[in-house]
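The values are calculated or read from the model by the stated rules, or taken from the named source; none is laboratory data. As the structure is a prediction and not an experimental result, all values here were calculated from the model. Virtual Cβ from ideal backbone geometry, glycine too; neighbours counted across all protein chains shown. Ligands, DNA and RNA are stripped out before the accessible areas are found, and what is left, the full protein with its side chains, is counted by its heavy atoms. Shrake-Rupley method; radii C 1.70, N 1.55, O 1.52, S 1.80 Å.
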Amino acid sequence: MAILEFNVANEGEMLQLGERLAKELAPPCILYLQGNLGAGKTTLVRGILTALGHTSNVKSPTYTLVENYRLGDLACYHFDLYRLGDPEELETIGFRDYLQPNALCFIEWPEKGRGWLPEPDLFIRLETTAPDGRKVVCSAKKPAGGRILQKLKS
């Protein structure tokens, strides 16, 4: 499927990339975000949520596993599976209940939920290239992800 790469020089540019992504996202949509600690996963989600109209703080859900954001009729769920001990814990937190037709799901550390998570529409890998720089590689895994990348490319 389609792949698109972005070079991001700093936090401001990561937020701008999130804003660009937000313009192309439509529910239901699942995005996997993979990268080392501090790679910018939550910053990218903050850029998306802010562009969608969220005005409060966006924090990493490392300790809560999921943060919920309601933006009108749109439900946004930000997962951080870093502390997940076993993928079966997703059943305990009711993960399937979050997969709603009006929802965007952002899943950090998706490898921790392997075997229990549905395939994403878009897989986003963030790599550190300099102290503040990042390479963001977006891969479409489903047709909806391909449409998102096609719109971002133009």
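Tell me, yes or no, whether the range 83-102 has at least one residue that is without any contact (Cβ under 8 Å) to a residue 24 or more places away in the chain, out of contact with any Lys or Arg (no Cβ under 7 Å at 6 or more places or on another chain), of a type in the set (Gly, Ala, Ser) and surrounded by fewer than 18 Cβ atoms within 10 Å (Cβ to Cβ). Yes, because at least one residue in the range 83-102 is without any contact (Cβ under 8 Å) to a residue 24 or more places away in the chain, out of contact with any Lys or Arg (no Cβ under 7 Å at 6 or more places or on another chain), of a type in the set (Gly, Ala, Ser) and surrounded by fewer than 18 Cβ atoms within 10 Å (Cβ to Cβ). Quick one: would you say Pro131 is surrounded by fewer than 18 Cβ atoms within 10 Å (Cβ to Cβ) and in contact (Cβ under 8 Å) with a residue 24 or more places away in the chain? Criteria not met by Pro131. Of the residues making up the range 64-81, those that are under 14 Å from the mean Cα position of the chain (by Cα) and more than 17 Å from Ala26 (Cβ to Cβ) number 8. Within the range 74-105, the residues that satisfy the criterion of being in a strand (DSSP E or B) and either of a type in the set (Gly, Ala, Ser) or closer than 21 Å to Gly40 by Cβ (or both) are Ala75, Cys76, Tyr77, His78, Phe79, Asp80, Ala103, Leu104, Cys105. Looking at Leu152, Leu126, Leu117, which is the one that is in a helix (DSSP H, G or I), among the aliphatic types (A, V, I, L, M) and open to solvent by less than 50 Å² (accessible area, probe 1.4 Å)? Leu152 is the lone residue from the list that is in a helix (DSSP H, G or I), among the aliphatic types (A, V, I, L, M) and open to solvent by less than 50 Å² (accessible area, probe 1.4 Å). For the range 1-56, name all the residues that are closer than 15 Å to Leu149 by Cβ and open to solvent by 40 Å² or more (accessible area, probe 1.4 Å). Of everything in the range 1-56, those that are closer than 15 Å to Leu149 by Cβ and open to solvent by 40 Å² or more (accessible area, probe 1.4 Å) turn out to be Met1, Ala2, Ile3, Glu5, Arg20, Lys23, Glu24, Ala26. Within the set Glu19, Glu13, Glu24, Glu5, the sole residue that is out of contact with any strand residue (DSSP E or B) (no Cβ under 8 Å at 6 or more places or on another chain) and in contact (Cβ under 8 Å) with a residue 60 or more places away in the chain turns out to be Glu24. For the range 1-40, a residue qualifies if it is closer than 29 Å to Asn102 by Cβ, assigned to a helix (DSSP H, G or I) and of a type outside the set (S, T, N, Q), and the qualifying residues are Met14, Leu15, Leu17, Gly18, Glu19, Arg20, Leu21, Ala22, Lys23, Glu24.
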